[in-house]
Amino acid sequence: MKRYTLSFIVLVLAIGIPFFLINPSHKNAMSGGEGVTRETLDEALTEAIRTAMTNYYKPIENSNDMFRGSIKGALASLDDPYTYYVPPRDHQRAVENLYNAEFGGLGVQIYYDRGFIKISKPIPNTPAARANLQAGDYITKVDGKQLHLSEKTGMGIDDAVDLLRGVIGTDVTITVKRKFLDPFDVTLTRGRIPINSVKSTMLEGDIGYIRITGFIGSKRTEGTENEFNKALETHKDAGMKALILDLRHNQGGLLNAAYHIADAFIHEGVIVSTKGRRSDFNEAYRATSDVLCPRDIPLVVLVNEFSASASEIVAGAIKDTRRGILVGQKTYGKGIVQKRYPLPDGGSISLTISSYYTPNGTSIDEVGITPQVSIADEEPDEIEQIMLRKADATDTLSNFITQWIDEQHKSPEEIPTDFSKMADELPKLQQMLEEERIHVSLKWLKQRAERAFNFYVGIDQVVNLEYDQQLREAIRIIKADEVAKYLNPPEVVEPPSTTQANTPVVPDEATAEE
């Protein structure tokens, strides 16, 4: 069976807002026994919008939003959270971020800081890096347009992104405010900015670690597959003896990308199959003999309740084929596939077209995949989680961190990167939160603060073993050479019955893990 029967716009995502278009040229009666034609319903929709435009008690500035709302309502009637209308800007973002795995831009990671846009990291080998933009720089204007994010201005961070992104090869002038210097203008030519979905490092004991945050890129030479192959090759060259594949918090992406990642481990059989109402949506994605990670490399896959869709395709294939073991918590349970259909207004439809099945023919929809080794990561208790959410909802934590960074920023060329120095100041932050009746322990406050600090100063911390109990367990299993034990658990044998001594003892297949 061909590997590319489904188009590249097939999605397997665990995110949804809620398509079904009424064709006004069809005058036949609608189903449901109402005896109403589609033409009549089309006229009714137009009349409803016209009446609202004329009589609503407030001015309606944009009737297009009402028509788009009718599309959303039509799709919502299907009662499927993964079938929904995608507005033009979101569709364009999906084309760039999901399918192309690249966009035209400057190459800066930015974040909101007290109403302004601040750079956390210029990406290497991009226009921003070549222009010597730095972490801590503010971008105050784009082509003369002032950037100030607030409800009053109506500008959000997505609007700032729209101004910075554009066609590759076009110029944009930004105004930069750097501490100790007067504002200055920089004209940059937008370049090709790849979107990264893979992070990797080598752990102690020659254990390779690869984390996939999403499955992106419709071309095999770009996106997740290309990044993964490079990371895997680097680990093999470094003498990797085992591999940990981290799919936690991976909410999905493109089916083809997930298929090719699984194919890197599995040498035969079906990796995933799909079945829909239309026969052209039925497909069996088979493994090839080109295995990039040989079977003598023990494999542990980390999953949790936020591992969904495309990540469940990979996890399910690895578990069913006994290529590796899963460690963590039961996955989300999304076993259906969506496809994007572009619309004339620049938006699109995300439409569920089929269900998918693991190699054993299992549908995991609303069920999820249970790992061989179930272990919950250490988390705050329920009350502490509530308090942390309150802390996240205020600006106190982020303002404290950004202000500390600003105070320690002693020269134009160097931004502070030593979190341990800021950690000593966290009791002050804790006291500030308590004054707002937000009670958070220092342990979890430190975790939140370190994560934010690293992002603000451009530190890309791949793993943090201090807080990652699941990863520590995966490492322990590998070092103890226990992967094979979980792949081949002993059969459970029923003891002889005391009343039927002559009954032969047979394995209880229902309790043996397959």
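The values are calculated or read from the model by the stated rules, or taken from the named source; none is laboratory data. Since the structure is predicted, the reported quantities are computational estimates derived from the model, not experimental observations. Neighbour counts are summed over all protein chains in view; Cβ atoms, including those assigned to glycine, are modelled from backbone coordinates with ideal geometry. For accessibility, only protein heavy atoms count, side chains too; no ligands or nucleic acids. Shrake-Rupley method; radii C 1.70, N 1.55, O 1.52, S 1.80 Å.
Values for this structure:
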| read-out | value |
| --- | --- |
| Greater than 22 Å apart at Cα, pairs in LYS219/LYS339; LYS199/LYS485; LYS121/LYS339; LYS275/LYS339; LYS230/LYS330; LYS421/LYS443 | LYS199/LYS485; LYS121/LYS339; LYS230/LYS330 |
| Segment THR140-ALA238, length gained on full extension (0.36 nm per residue, minus Cα span) | 30.9 nm |
| Packing-based ranking, highest mean first, of 267-275, 76-84 given that Cβ atoms within 10 Å are counted | 267-275, 76-84 |
| Nonlocal amide H pairs with SER354, under 5 Å, H built at 1.01 Å | VAL337 |
| Ratio Rg/Rh [Cα only; Rh per Kirkwood] for the range 235-277 | 1.06 |
| Principal semi-axes in Å for the range 246-354 [√(5λ), Cα gyration tensor, largest first] | 27, 17, 12 |
| Sites ARG277 and ARG50, calculated FRET efficiency, Cβ-Cβ separation with R0 41 Å, nearest 0.05 | 0.70 |
| FRET efficiency, GLU482 to LYS179 (Cβ-Cβ, R0 51 Å, nearest 0.05) | 0.45 |
| Whether the range 406-476 is rounded, prolate or oblate, judged on the alpha carbon gyration tensor where a/c under 1.5 counts as rounded | oblate |
| Computed P(r) (all Cα pairs; the range 171-257; 10 Å bins; percent) | 16, 31, 21, 20, 12, 0 |
| Cα gyration tensor category, rounded, prolate or oblate, for the range 65-143 with a/c compared to 1.5 | prolate |
| Per-q log10 I(q)/I(0), the range 111-187, q = 0.12, 0.16, 0.23 Å⁻¹ (Debye; single scatterer per alpha-carbon; no solvent) | -0.32, -0.57, -1.21 |
| Share of alpha-carbon pairs per 10 Å distance bin for the range 293-370, given as whole % | 19, 42, 24, 12, 4, 0 |
| Among beta bridges that DSSP assigns inside the range 291-389, antiparallel share in %, nearest 5 | 55 percent |
| Surface/4 of the Cα convex hull for the range 52-111, nm² | 7.1 nm² |
| Cα centre as origin, Lys/Arg/Asp/Glu Cβ charges: the range 243-374 dipole, Debye | 180 debye |
| Approximate shape of the range 299-445 as ellipsoid semi-axes (Cα gyration tensor, √5λ), whole Å, largest first | 41, 23, 17 |
| Sum of -39500 (n - 2.57) over DSSP H runs of 4+, divided by residues of the chain (222 nm, nearest 500) | -9000 deg cm²/dmol |
| Heavy-atom surface of the range 147-227, accessible at 1.4 Å and reported per residue (Å²) | 50 Å² |
| Three-way shape call for the chain based on the alpha-carbon gyration tensor, with the a/c threshold at 1.5 | oblate |
| Exposure rank, largest accessible area first [GLU436, GLU225, GLU425, GLU379; 1.4 Å] | GLU379, GLU436, GLU425, GLU225 |
| Ranked by how many other beta carbons lie within 10 Å on average, peptides 457-468, 255-266, 297-308 from highest | 255-266, 297-308, 457-468 |
| With every protein chain in place, the chain: carbon and sulfur % of accessible area (1.4 Å) | 51 percent |
| Dipole magnitude of the range 230-299 about its Cα centre (Cβ charges: Lys, Arg +1; Asp, Glu -1), debye to nearest 20 | 260 debye |
| The range 187-194 - phi-based ³J(HN,Hα) in whole Hz, Karplus 6.51/-1.76/1.60, Gly and Pro as x | 9, 10, 9, 4, x, 7, 10, x |
| Calculated on alpha-carbon atoms, Rg and Dmax of the range 370-411 in Å | 17.1, 52 |
